[in-house]
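Since the structure comes first, as structure tokens, the remarks are kept for the end.
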Ligand code: GTQ
């Protein structure tokens, strides 16, 4: 286990030349694609706590929405494949394709009658529905309706497209483990154009038959590690209220899991639903996971280290590894958040940590 105390290490972050070396020696190293570790060791492995570049940020839906609707006028979905505005970590400079070191987040728009074409990719995604009715996602032939606050999973490697049968704009927050795949140089996609998925009719039929308890021989879904793709918000919300009533607490939290084995519902990304009672203060236990919070209902304020983010429904904010995070809901009404983190990945790698509060 790594040391639990986490001192500030700002002095250690920057690489420096630790020994005076002849310039010819340095040049010879460079010429042979070699580098001296001792100059970079503390930058690569900072002492005590990680030295990330992520800057916690709050993205207001009220700021994103008009720009997304403008994108709806400017950018045809067939051309874009996905019409998404990325929540881009300000700590990484312009156009960063991530909100934290491991979490990508973006807000996607579909207009009535539009379809985002079938594709599949190595990263997994989850959609948290923000606005509109009539949206749906088809995952390996299984249609998932999208209602406000629902989480829809599209696990890595599964074909998926999005459509919209209703009126007005439909928007949702996409969260992907894309940065992990980018770091592993394993991020790639297939399809994204008409007729790219020849298996589609068979997959649609198979998933329909399986729901009726009928399985074609050697069906592709026989060993399905993702038995549940849609987690309706109304179910989660009612469960939070029941849990709060049963425990006599004003706040409650529930993890979204695979209902067949109780394990995390995706390999890298973890999700919880949180209810914060009216005017209640919630102090989170700092962990080694980085986090994106999305506000489903209500309003309030969160502190993430030195940052104070007020928020209301539709807003999204980020927190870094080991951040001190607390929330407060506005008096008069509870607030509901969905928390997304990379704890499942960190647990698999054997370094997930929780820090006891002082
Ligand atoms: O809807 O499949 O925000 O492939 C980024 C990449 C959404 C999607 C994103 C994607 C998608």
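General observations
- Among the residues listed as 134, 195, 163, the single one being at positive phi and either surrounded by 15 or more Cβ atoms within 10 Å (Cβ to Cβ) or in contact (Cβ under 8 Å) with a residue 12 or more places away in the chain (or both): 134
- Taking the stretch 90-102 as the range and being within 13 Å of the chain's Cα centre (by Cα) and within 19 Å of residue 322 (Cβ to Cβ) as the test, the residues that pass are 98, 99, 100, 101, 102.
- Single residue of 150, 165 found to be away from the ligand (no atom under 12 Å from the Cβ) and within 23 Å of residue 312 (Cβ to Cβ): 150
- For the stretch 88-109, filtered to residues that are surrounded by 18 or more Cβ atoms within 10 Å (Cβ to Cβ) and near the ligand (Cβ under 10 Å from one of its atoms), the residue that is nearest to residue 197 (Cα to Cα) is 108.
- Among residues of the stretch 58-81 that are over 14 Å from residue 130 (Cβ atoms) and modelled with pLDDT of 95 or more, those with a beta-carbon under 8 Å from a residue that is more than 16 Å from the ligand (Cβ to nearest atom) and assigned to a loop (DSSP other than H, G, I, E, B) at least six positions away or on a different chain give the pairs 58/315.
- Counted residues, the stretch 275-294 - those being touching a helix residue (DSSP H, G or I) at 6+ places or on another chain (Cβ under 8 Å) and either free of Cβ contacts under 8 Å to residues at least 40 places away in the same chain or crowded, with 22+ Cβ neighbours inside 10 Å (or both): 2
- Some residue of the stretch 68-78 being part of a loop (DSSP other than H, G, I, E, B) and touching a strand residue (DSSP E or B) at 6+ places or on another chain (Cβ under 7 Å): no
- Any hit, the stretch 175-198, residues being part of a strand (DSSP E or B) and within 23 Å of residue 259 (Cα to Cα): yes
- Hey, residue 120 closer than 23 Å to residue 79 by Cβ, part of a strand (DSSP E or B), within 12 Å of the ligand (Cβ to nearest atom) and without any contact (Cβ under 8 Å) to a residue 60 or more places away in the chain or not: no
- Just one of (1) within 13 Å of the ligand (Cβ to nearest atom); (2) surrounded by 12 or more Cβ atoms within 10 Å (Cβ to Cβ); (3) within 25 Å of residue 79 (Cβ to Cβ) fails for residue 177. It is (3).
- Selection count, the stretch 335-358, where residues are under 27 Å from residue 258 (Cα atoms) and not in a strand (DSSP E or B): 13
The values are calculated or read from the model by the stated rules, or taken from the named source; none is laboratory data. Keep in mind that what you see is a predicted model, and the values were worked out from it rather than measured. No Cβ is skipped: glycine too gets one built from the backbone with ideal geometry, and neighbour counts run over all protein chains shown.
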